[in-house]
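The numbers here are math on the coordinates, done by the rules we state, and not lab data. Just so we're clear, the structure is a prediction, and the values are computed from it rather than from any experiment. Reconstructed Cβ throughout: ideal geometry from the backbone, glycine too, with neighbour counts over all protein chains shown.
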Amino acid sequence: MGAHRLRCGASPACLLLAFLLAMAMPGLTAGLTRRYTFNVTMATVTRLCKTKSIPTVNGQFPGPKLTVREGDRLVVTVHNNINNNVTFHWHGVQQRRSAWADGPAYITQCPMRPGQSYVYRFTIVGQRGTLWWHAHFSWLRATLYGPIVILPPRGVAYPFPKPYREVPLMLGEWFNADPEAVIKQALQTGGGPNVSDAYTFNGFPGPTYNCSANNTFKLKVKPGRTYMLRLINSALNDELFFAVANHTLTVVQADASYVKPFAANTLVISPGQTMDVLLTAATNPSSLAFAIAIAPYTNTVGTFDNTTAQAVLEYAPQRAAALRNLPAPPLPRYNDTGAVTNFSSKFRSLASPQYPARVPLNVDRHFFFAVGLGADPCKSPVNGTCQAPNNTRFAASINNVSFIMPKTSLLQAHYQRRYSGVLAANFPAAPVRKFNYTGTPPNNTFVTHGTRVVPLAFNTTVEVVLQDTSIQGAESHPLHLHGYDFHVVGTGFGNYDAANDTAKYNLVDPVQRNTISVPTAGWVAIRFVANNPGVWIMHCHFDVHLSWGLSMAWLVNDGPLPNQKLPPPPSDIPKCS
Ligand code: C2O
């Protein structure tokens, strides 16, 4: 918002004018700079009666909450004091002309090695609500994550009544084992990774697990008051159902954009997504406490953590022994796709004069991406075999290209126009071989590999249809785009059919998000305008699928004007060798 700042010197008339302008247009005042320090250190925590050492930020788990206002500048100084490479990503922050701060390892930066530091500098522009930060290296985000609360600019109200209190609620996944060892083993055997041992609320599994009642997150409420839960799904590999016994929720925000408020008893939230929901405490509650519950939604043919975690909505303090017997909400069955579709169909952007939808109506380039799992031949077997079906290794791909993580930063290579040996600018715009994506899988399920990107001219309007495949069994995939929000203009089941499906698009008030679940055996269509120069990864936010290569990158070139160009890299950006 710096462009709107008046430079007044000492002139009283100018200062008065600036003051009046600020009062008239509170959204246009220059923001503050907020500084945070992240010391990445190991810390000892006990969960499920097991004490272990985990990577944390500042010894906290979950990590610190960053609170900013729209328009503020964030300066986060990170010191890596663990025995592992690490980077941080500010999930959902659009990073306009600050791609160097985006954080995915080997895409926009080389990782910080043990002992190294890096300062992330970026401004929050045109976003308000809840986002989050997490490590973006291997599976380190299992414990390295925290909320980003973006308040509206001073003097700007929420488009709904101001809640009495606001509480971030991070839904996570707990592993008794070291998550790094879990993914390492899976990549060695070629099979699916061991599943987590519990789901968590702000790091606490709660009373449904053995030896865990003392590790329960409690939300204390006063009768008649309205609370805003800032929900974040930070689980590694699971979409989650969420419900509160005897309480209806009102959804008001998704991925840092307001939505038309709607009521729901059960929510579905995919890894990477955020949702602000209002909960009004009863004036005469039928119990002094109620369970808040989460459980997985999945259609996987593999194993998954099929447990339910609980937190507590407390009208009056409860003893740990009482927590197992609270009124609990009914949750849909783990594979209830109908419940998911019903919930997802309710999202509409606010599309008001103050928060217009700005849906791109004319598309410059159409892409059709077939998204799903596949296989690799059994090279280097463990004990003579590979653990995926038919003695293969699991792989994942978009348009049959499984992404190879480069050894150097793609953004650095792009900035220096040094592409050869690093990336190929030939990612396919559609599958090379078409097939019945949601029907019987083809005989050959092997994927190809490469670090292939789509180059885009500045300001290109892009439509991507993301089509799920049933190659290893149909399942949903939460696709996350870095650097942009997109508009979710259409969705459906079966194979996308341009002739009929385009006519049903919502171009009036589609939800704006950074992460959308490609429905199981279905498709979703998104649009965005490539007006932010840089290299932007788009990937499945199931970490296991990301590890298997379900990822690609957009290379968005500079525009002609000075303020349309990627600035030079910060001098402290970590080096790869
Ligand atoms: Cu939240 Cu690339 O990730």
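Key figures
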| item | result |
| --- | --- |
| Dipole of the chain, positive end: most advanced residue of Thr451, Phe217, Asn237 [Cβ charges, Cα centre] | Phe217 |
| Label-reachable residues, the stretch 450-468, where backbone N falls under 13 Å from a point 7 Å from Ala424's Cα toward its Cβ | 450-454 |
| Cα-Cα separations in the stretch 165-344 greater than 28 Å, expressed as whole percent | 23 |
| Residues whose placed amide H lies under 5 Å from that of Ala282, excluding near-sequence neighbours | Gly224 |
| Estimated 222 nm signal from helices in the chain, with DSSP H stretches of n ≥ 4 weighted -39500 (n - 2.57), rounded to 500 | -2000 deg cm²/dmol |
| Cross-link pairs Lys346/Lys504; Lys52/Lys379; Lys65/Lys218; Lys407/Lys434; Lys346/Lys565 - those with Cα-Cα distance over 27 Å | Lys52/Lys379; Lys407/Lys434; Lys346/Lys565 |
| For the stretch 365-564, share of DSSP beta bridges that run antiparallel, in % to the nearest 5 | 70 |
| Pairwise label distance in nanometres, Ala282 with Thr33, each label 7 Å out on the Cα-Cβ vector | 5.2 |
| In Hz, Karplus ³J(HN,Hα) per residue of the stretch 334-344 (6.51, -1.76, 1.60; θ = phi - 60°; x = Gly, Pro) | 4, 10, 7, 5, x, 5, 5, 4, 4, 5, 4 |
| The stretch 454-533 versus the stretch 207-232: alpha-carbon centroid distance in Å | 34 |
| Test item: Cα-centred dipole of the chain, Lys/Arg +1 and Asp/Glu -1 on Cβ, debye | 1360 |
| Rg over Rh, two decimals, the stretch 443-558 (C-alpha only, Kirkwood Rh) | 0.96 |
| Mean projected area in nm² (Cα convex hull; one quarter of hull surface) for the chain | 27.3 |
| The chain: antiparallel DSSP beta bridges as a percent of all, rounded to 5 | 75 |
| Debye equation applied to the C-alpha atoms of the stretch 26-151, log10 I(q)/I(0) at 0.09 Å⁻¹ | -0.25 |
| Amide proton proximity set for Gly522, modelled H, under 5 Å, gap of 5+ | Asp468, Gly494 |
| Vicinal HN-Hα couplings computed from phi for the stretch 406-421 (Karplus, 6.51 cos²θ - 1.76 cosθ + 1.60; Hz; Gly/Pro x) | x, 9, 9, 6, 4, 5, 4, 4, 5, 4, 8, 6, 10, 8, 5, x |
| Positive-end extreme of charge dipole, the stretch 55-185 - chosen from Ala181, Val68, Gly92 (charges on Cβ) | Val68 |
| Amide hydrogen neighbours beyond the local backbone of Ala370, cut-off 5 Å, H modeled | Asn399, Gln467 |
| D (Stokes-Einstein, µm²/s), Kirkwood Cα radius, the stretch 79-228, 1.306 mPa s at 10 °C | 87 |
